[in-house]
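Just so it is clear, none of the values below were taken in a lab; they were calculated from the coordinates. None of these values were measured; they are calculated from a predicted model. Because the Cβ atoms are built from the backbone with ideal geometry, glycine has one as well, and the counts that use them run over all protein chains shown.
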């Protein structure tokens, strides 16, 4: 008689977002570290990533709303009215990539001088498209995060966002 052993694997994802704003002189003007929340759609994207090249057309976009990040509803995407003009951009060429211990996936985007300029950048999202600047719902949002305070990106500033998503085992 064969004995069956019940085993339950649980995978969780935890994200950390680091936003660094540099002035035209290259000096750090502002640094924000926050956590993300995977949206309900993001859960589906993460599952699909195991068997597809899901990240190939992904990017990031910036928003001004301070709405708390949520799995669904208003906090799960950057709406048209909150979208920072010119900020929907593809991920930098080097990402996504595995972190040093291979249990971290790192996404990165740099907005150069003249890109994504706004005095009240409060949120960022990883999205599966960069052609539709603002969304009506979260169907294109993998994860979203709200900064601990507004980032004031001037026209000559550069904003770099590094997003680490850690895969946590059971």
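Annotations for the structure displayed:
- Gain on full extension, evaluated as 0.36 nm per residue between residue 112 and residue 155 minus their Cα-Cα distance, stands at 14.6 nm.
- Take the Cα of residue 68, step 7 Å toward its Cβ, do the same at residue 16, and the gap between the two points is 2.4 nm.
- Sites residue 57 and residue 27 - FRET efficiency at Förster radius 30 Å, r taken between beta-carbons, to 0.05: 0.30
- Against the rule of thumb 2.2 N^0.38 Å, how large the Cα Rg of segment 109-169 comes out: 1.25
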